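Undergrad: Below is the structure I would like to discuss, written out as structure tokens.
The values are calculated or read from the model by the stated rules, or taken from the named source; none is laboratory data. Computed from a predicted model, the values in this text were never measured in an experiment. Neighbour counts are summed over all protein chains in view; Cβ atoms, including those assigned to glycine, are modelled from backbone coordinates with ideal geometry.
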Amino acid sequence: MVLTPLPLIITANAAIGRPWAHHAIAILSGITAGFTFLVGALDAAGAISVFVLPNGESRIPLDVGLMASAVVAATVASKPVREQLARRLPLDPDNPVHALALVLAVLVFGTQVTGILFTSAAGPSSAISVGDLLAQDAALLVLAVSGVGLFMRRGVTQAAVRLGLLKPAWWQVVLALATAGAMFAFSVAMIELSRIWTPDLFREVSTNTSQLFGGLVSAPVGIVLLALAPGISEEILFRGALQPRMGLIATALLFTASHAQYGLSLLLVSVFASAIGLGLLRKFTNTTTSAISHAAYNLLVGIGVAGSQLDAAVLIELILIAISAYAIWSLRRATPQPVEPLTGTVVEPNEIE
């Protein structure tokens, strides 16, 4: 299902710079939003069955959410709205790829949020196998590289630069590990608060998560794959491909909504905080650094830290933070400050036009 937009993405790339690009935007956006609305309407009427829900839960809220998302997506695709959004987001309103990405983002966000709000966190979940995990993450990679026009508008090197896949400096690796530790600590805090404040929901989410990933985390190979595959593919798609066009906050919200398996729980707060942290890494360093951090965080979650390991983990985290802070301070100190002509006065960055 995740590869369904691929032909549309390829067509949008082919339309860039063509005289008929504006027609392509209208057609691609119309097809995407219109088809989504039709699916929701047909499911609501009982003509097809799209959603499988437990305990006799109604599909109508999901169908309404699907149709509402389609309407919003179609509205966003209109040129006046695109131009308004382009004033706040780094989008080109006349770029077919940017317009299609906006439509798809609205549809994914709307449908995922609807699912979080109107379905049980303990819905039917089948265990994810190694094959399922690799296929899912490979699909995300295909969407990312096709979105930036690999072999269509960009070569391998150009696509890598656009996605932020650069060789990290040593201090960026240290910063990535420090960020992973901070994200892990925050997630542990959210888990404990969820356990105390919403015990029933916590049990539902824990059961659902165990059903999904239990088969993978039971073996070292599964833990490593669960750390690396999503850490790489999700970062390349969300932080590499989408964030430079959708902005930090919008991408973080979309990333959070994609983790619907956590339901409307405090764990989503943890996911959003992690998305902000990873987004800041991407903004001020590169996607490679955010991917290292994401994979390290996943590995920490898979392995777990408890008991006597906790003191050592805290000490290591403090050392990583100290090294990162020193490296950043040293780099800022070594960076030449702009000097005002004739006077030789150092000009602060916020004084430069």
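Undergrad: Under 27 Å from residue 170 (Cβ atoms) and either at pLDDT 95 or above or within 29 Å of the chain's Cα centre (by Cα) (or both): which single residue out of 266, 278, 254 fits that description? Reasoning before the result, please.
TA: Numbers: 266 fails: under 27 Å from residue 170 (Cβ atoms); 254 fails: under 27 Å from residue 170 (Cβ atoms).
On inspection, the qualifying residue turns out to be 278.
Undergrad: Right, here's the next one. With more than 24 Å from the chain's Cα centre (by Cα), surrounded by fewer than 16 Cβ atoms within 10 Å (Cβ to Cβ) and not assigned by TED's automatic domain parsing to the domain that holds residue 243 as the only criterion, which of 21, 45 stands out? Walk me through how you get there before you give the answer.
TA: Values: 21 fails: surrounded by fewer than 16 Cβ atoms within 10 Å (Cβ to Cβ).
Just a single option satisfies the conditions, and that option is 45.
Undergrad: Please work out which residue is nearest to residue 111 (Cα to Cα), limiting yourself to region 33-70 and to residues that are out of contact with any helix residue (DSSP H, G or I) (no Cβ under 7 Å at 6 or more places or on another chain) and of a type in the set (A, V, I, L, M).
TA: Ranking the qualifying residues of region 33-70, first place goes to 64.
Undergrad: Hey, another quick one. Filter region 153-176 down to the residues that are in a loop (DSSP other than H, G, I, E, B) and exposed (fewer than 14 other Cβ atoms within 10 Å of the Cβ), then identify the one that is farthest from the chain's Cα centre (by Cα). Spell out how you get there, then give the answer.
TA: Here is the first cut: in region 153-176, the residues in a loop (DSSP other than H, G, I, E, B) are 153, 155, 164-169.
If we keep only those that are exposed (fewer than 14 other Cβ atoms within 10 Å of the Cβ) too, we end up with 155, 167.
Details: 155: 24, 167: 21 Å.
Filtering first and then ranking leaves 155.
Undergrad: Residue pairs, Cβ under 7 Å, 6 or more apart or interchain, first in region 144-171 and over 13 Å from residue 236 (Cβ atoms), second at pLDDT below 95 and surrounded by fewer than 19 Cβ atoms within 10 Å (Cβ to Cβ). List them.
TA: Cβ pairs passing all conditions: 171/327.
Undergrad: Another one. Every residue in region 281-316 that is within 25 Å of the chain's Cα centre (by Cα), farther than 21 Å from residue 141 by Cα and assigned to a helix (DSSP H, G or I), please.
TA: 284, 300, 301, 302, 303, listed by residue number.
Undergrad: Right, something else. Please specify each residue of region 71-115 satisfying the condition of being free of Cβ contacts under 8 Å to residues at least 12 places away in the same chain, within 19 Å of residue 147 (Cβ to Cβ) and in contact with a helix residue (DSSP H, G or I) (Cβ under 8 Å, 6 or more places away or on another chain).
TA: Hit for region 71-115 is 92, nothing else.
Undergrad: Also, I was wondering about something else. What number of residues within region 86-107 are surrounded by 16 or more Cβ atoms within 10 Å (Cβ to Cβ), under 20 Å from the mean Cα position of the chain (by Cα) and at pLDDT below 95?
TA: Qualifying residue count for the region: 2.
Undergrad: In this structure, does residue 10 turn out to be surrounded by fewer than 19 Cβ atoms within 10 Å (Cβ to Cβ), within 25 Å of the chain's Cα centre (by Cα) and without any contact (Cβ under 8 Å) to a residue 40 or more places away in the chain?
TA: No; evaluated as a whole, the condition is false for this residue.
Undergrad: Would you check if residue 143 is crowded, with 18+ Cβ neighbours inside 10 Å, modelled with pLDDT of 95 or more, touching a Gly at 6+ places or on another chain (Cβ under 6 Å) and more than 17 Å from residue 266 (Cβ to Cβ)?
TA: Judged against the criteria, residue 143 is not a match.
Undergrad: Right, next: Does residue 241 satisfy the criteria of being part of a helix (DSSP H, G or I) and either more than 16 Å from residue 163 (Cα to Cα) or acidic (Asp, Glu) (or both)?
TA: no
Undergrad: To continue, here is another question. Filter region 69-127 for residues that are in a helix (DSSP H, G or I) and in contact with a Lys or Arg (Cβ under 9 Å, 6 or more places away or on another chain); which is farthest from residue 5 (Cα to Cα)? Steps first, answer last, please.
TA: Filtering region 69-127 down to residues in a helix (DSSP H, G or I) leaves 69-77, 79-86, 96-118.
Those left that are additionally in contact with a Lys or Arg (Cβ under 9 Å, 6 or more places away or on another chain): 76, 96-99, 101-102.
Numbers: 76: 18, 96: 14, 97: 12, 98: 14, 99: 13, 101: 10, 102: 13 Å.
Per the stated criteria, the residue is 76.
Undergrad: More than 24 Å from residue 8 (Cα to Cα), acidic (Asp, Glu) and either in the same structural domain as residue 12 (by TED's automatic domain parsing) or under 25 Å from the mean Cα position of the chain (by Cα) (or both): is that true of residue 57 in this structure?
TA: Spelling it out, residue 57 is indeed more than 24 Å from residue 8 (Cα to Cα), acidic (Asp, Glu) and either in the same structural domain as residue 12 (by TED's automatic domain parsing) or under 25 Å from the mean Cα position of the chain (by Cα) (or both).
Undergrad: Next up: Please pick out the residue among 159, 180, 127, 139 that is among the small types (Gly, Ala, Ser) and in contact with a His (Cβ under 8 Å, 6 or more places away or on another chain).
TA: On inspection, the qualifying residue turns out to be 180.
Undergrad: In region 146-166, what residues are more than 27 Å from residue 216 (Cβ to Cβ) and touching a Gly at 6+ places or on another chain (Cβ under 6 Å)?
TA: Selection gives 164 alone.
Undergrad: I would also like to ask the following. Could you tell me which numbered condition residue 296 fails, if it satisfies all but one of (1) under 30 Å from residue 91 (Cα atoms); (2) at pLDDT 95 or above?
TA: Against the list (1) under 30 Å from residue 91 (Cα atoms); (2) at pLDDT 95 or above, residue 296 comes up short only on (1).
Undergrad: Examine region 131-143 for a residue that is within 21 Å of the chain's Cα centre (by Cα), of a type in the set (A, V, I, L, M) and not in a helix (DSSP H, G or I), and state whether such a residue exists.
TA: No: zero hits.
Undergrad: Do the conditions hold for residue 180, that is, is it aliphatic (A, V, I, L, M), modelled with pLDDT of 95 or more and in contact with a Pro (Cβ under 9 Å, 6 or more places away or on another chain)? Spell out how you get there, then give the answer.
TA: Values: aliphatic (A, V, I, L, M): yes; modelled with pLDDT of 95 or more: yes; in contact with a Pro (Cβ under 9 Å, 6 or more places away or on another chain): no.
So residue 180 does not fit the description; no.
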